[in-house]
Amino acid sequence: MYEKKNHRGKPEREVIGLIPAGGQGSRIGVLPCSKEIYPIGFDQSIETRPKAISQYLLEKMHLAGVNKAYIVLREGKWDIPSYLRDGKTADMNLAYLIMDAPFGVPYTIDQAFAFVQEATIAFGFPDIFFKPHDVFVKLLKRLTDHDCDAVLGLFPADRPYKVDMVDIDHRGLIKNIVIKPRQTSLQFTWGVAVWSPVFTRFMHACVKEQEPSAAQKPELFMGEVVRLAIAEGLHVEAVHVSEEPFLDIGTPDDLFRTVQRLVAVSQHKRR
């Protein structure tokens, strides 16, 4: 299926952000806008201006030197480019692509393959809130220092049955990923990632191989692609990037928890 190509010794590559925004948002119910631009908290520079949840992700990417990102949309979610526009508010250059195959996040972001296949990728979900700010700085350093094909950022998992649980060894190598287990002794999930062109090409080959029968199969998760990559011999590591679970605003309960946390943070800063 796939032949790994050596990327060692090549000049430093451009880092491009890759953000999936193709979900239907069916879990959260009726919102006045796409969940990726739902206002969560306020802009620090102008406290009366609401801040969209996806802006937190863009800020963290920019802090790591990422100045360009592709956002892959589902048709009809035109309020996202209308709100984020060309990215000036995040001091980034944003471009938008339209999702083609609705079979899972790997298919969504593979829509950008022609534009990013030679770049290092910084990947994140635009509907989660997480700390600290330098997450992508840490991940990119690990990717370079350990010459990895991909590096996942780990967070404590307070509800394992909703996420990909990651099993790692003492060196940070990923041994396995268990997707949404009902019961598990594993403690950490992943929420952000960076990867090299080696992983980009692997994922592209993977989705193209599975696409003919994808409509008859369950949704393909990113964790499954990572698991397949490890089985094919790619070098995938994980780094603990936060002591707090990330918050996903995908359900009403999680949205409420996210707002509560940001209100608490805002009140603490004003003291």
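FYI, it's all coordinate maths here, none of it is from the lab. All values derive from a computational prediction rather than experimental measurement. Positions of Cβ are generated from backbone atoms using ideal geometry, with glycine treated the same way; all protein chains shown enter the neighbour counts.
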Positive minus negative residues near ASN176 (Lys, Arg vs Asp, Glu; Cβ under 13 Å): -2
Okay, helix-only estimate at 222 nm for the chain: each DSSP H run of n ≥ 4 adds -39500 (n - 2.57), divide by all residues, round to 500 deg cm²/dmol; what do you get? -9000 deg cm²/dmol
Kindly identify the range 121-227 as rounded, prolate or oblate by the Cα gyration tensor criterion: order the square roots of the eigenvalues as a ≥ b ≥ c, call it rounded if a/c is under 1.5, otherwise compare a/b with b/c, prolate if a/b is larger, else oblate. oblate
In the range 144-271 the DSSP beta bridges are antiparallel at a rate, in percent to nearest 5, of 75
What angle do you read, to the nearest 10 degrees and between 0 and 90, between the alpha-carbon axis of helix 135-145 and the longest principal axis of the chain? 20
From the cross-link list LYS138/LYS217; LYS88/LYS217; LYS131/LYS180; LYS77/LYS138; LYS138/LYS162; LYS77/LYS175, which pairs have alpha carbons spaced over 30 Å apart? LYS138/LYS217; LYS88/LYS217; LYS77/LYS138; LYS77/LYS175
Helix 222-231 vs. the chain, principal-axis angle (Cα, 0 to 90°, nearest 10): 20
Say the dipole of the range 106-241 comes from +1 at the beta carbon of Lys and Arg and -1 at that of Asp and Glu; which of PHE136, LEU228, TYR161 then lies farthest toward its positive end? TYR161
For the chain, modelled as a GNM with alpha-carbon contacts under 10 angstrom, which of HIS170, HIS204, HIS146 fluctuates the most? HIS170
Tilt, helix 197-210 to longest principal axis of the chain (alpha-carbon atoms), in degrees rounded to tens, equals 80
So what is the relative contact order for the chain, in percent, with contacts set as C-alpha pairs under 8 Å and at least six apart? 23
